[in-house]
Structures are given as C-alpha cells and as structure tokens.
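Since the structure comes first, as structure tokens, the remarks are kept for the end.
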C-alpha cells in the first residue's frame, strides 16, 4: 500500500520563524533553533519509507538540505493552516492510500513514531499525535476527509478537541499516539538541552 509523508516547513527567515520563542530568546537564536528543529525533522523524514513531500511556506528552496532525490518539493497553498493542509492531503491522496503530515516543531518526534502512525492506519481511519499545548504534531488518514480541517481554531488549545469532534461526526475511528511537546517557548527548548 503506497504511503506519503508530508512535511510542512517555513522558509528560514530571521524574524519570521518561531516568533513566540523569539520574544524571549531573540530573532537570531530563534532562527538557529528553528534550523536545528528542521534538520531533526528532515533526518526523521529521510528514514521513513514511502513517498516524501516537503511543503515550503513561501518559496521552494532549490539548493538546501532537502534533497530533490529524496523529497518531492512543493509549495503550500494560500490560506489558513487548515486550507493549506487540506490541499496538501488532497494532492497526496491522488497517488497514495495512507497519508501522514508532520510539522517541524517537535524535538521529541522519532522515525519510529512516524512508522507507528502509518501502521495504525491499517486498523484505524485516522491517527493523531497530540501536542501538549492542545494541538497535534502529527495527523494521518487513510482516505481524504477535508472536513477535519474546517472550522478549527488554529493555534489554540482547542485544535485537538475540535479535530476529534469532526472525526466523530464522520463516524470514523481514530487512534492517539503518545502526547509530545512542541517547541514554542524558551522553556520548551531548554528541556532538550540541545546546543545551537
């Protein structure tokens, strides 16, 4: 069964990434932390079998660490996060039966967890990796269900709850992965103790 891993990333511009983190550590350090997180995410994605699609926020980087031999490089659509993810899933389902999306904000994400997510889709319609802030770090599905991206209060602590409510209203099944922390604030980063 063909599967696709989608990775949403932001083009690494100082002052435009990890803005909540930058409020306490400054733009320069926030950019370094974001680059470290992106590198971590790329290594995870490279080790996962399947079709890999990386979606850039502003423009497609030609000569970066995301090799065109390993990744199908695409541009995120316009609109809010829900619209952008919905269209990315729609594209991926044109050629795949299982699709999982991750961002680049989770230092504790592992390739094993991503593989586990794909495996869960053998017996469940959806798989969700809950983030400790009330959102999610991973979402997967085995058929395209655009409704799960509609009427969601993005960037709030209601994202997971509202997404699950949509899944239940569709009478679909879902499985939860272990909850993990996104890196949004200085204390989130300090607990990892990574050097940048």
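Values quoted throughout were computed directly from the atomic coordinates according to the rules given, and no laboratory measurement underlies them. Because the structure is predicted, anything quoted here is derived from the model rather than measured. Using ideal geometry, Cβ is built from the backbone for each residue, glycine included, and neighbour counts are taken over all protein chains shown.
Figures for the structure shown
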{"read-out": "Full-stretch length increase - residue 90, residue 59 - with 0.36 nm per residue and alpha-carbon distance subtracted", "value": "9.2 nm"}
{"read-out": "Relative contact order [Cα under 8 Å, 6+ residues apart], the chain, whole percent", "value": "24 percent"}
{"read-out": "Rough spin-label spacing in nm, given labels placed 7 Å along Cα→Cβ, for residue 68 and residue 2", "value": "2.1 nm"}
{"read-out": "For the range 13-30 versus the range 140-184, the gap between their alpha-carbon centres in whole angstrom", "value": "27 Å"}
{"read-out": "Fraction of antiparallel bridges per DSSP, the chain only, in percent to nearest 5", "value": "30 percent"}
{"read-out": "Pairwise FRET efficiency - residue 97 versus residue 14, Cβ, R0 = 45 Å, nearest 0.05", "value": "0.65"}
{"read-out": "Using a Förster distance of 25 Å, the FRET efficiency for residue 24-residue 112 (Cβ separation, nearest 0.05)", "value": "0.20"}
{"read-out": "Cα-projected label distance for residue 122 with residue 176, points at 7 Å along beta-carbon direction, nm", "value": "2.4 nm"}
{"read-out": "Virtual spin-label span in nm between residue 157 and residue 191, 7 Å along Cα→Cβ", "value": "1.4 nm"}
{"read-out": "Computed helical MRE - 222 nm, the chain, DSSP H runs ≥ 4 contributing -39500 (n - 2.57), nearest 500", "value": "-10000 deg cm²/dmol"}
{"read-out": "Nearest-ten-degree value, helix 81-92 long axis tilted from longest Cα axis of the chain", "value": "60 degrees"}
{"read-out": "C-alpha long axis of helix 27-46 to longest principal axis of the chain, angle in °", "value": "40 degrees"}
{"read-out": "Nearest 10 degrees, 0 to 90: helix 159-169 Cα axis against the chain principal axis", "value": "10 degrees"}
{"read-out": "Cα-based convex hull, the range 3-190, per residue volume (Å³, whole number)", "value": "108 Å³"}
{"read-out": "Three-way shape label, the range 93-146, alpha-carbon gyration tensor, a/c 1.5", "value": "prolate"}
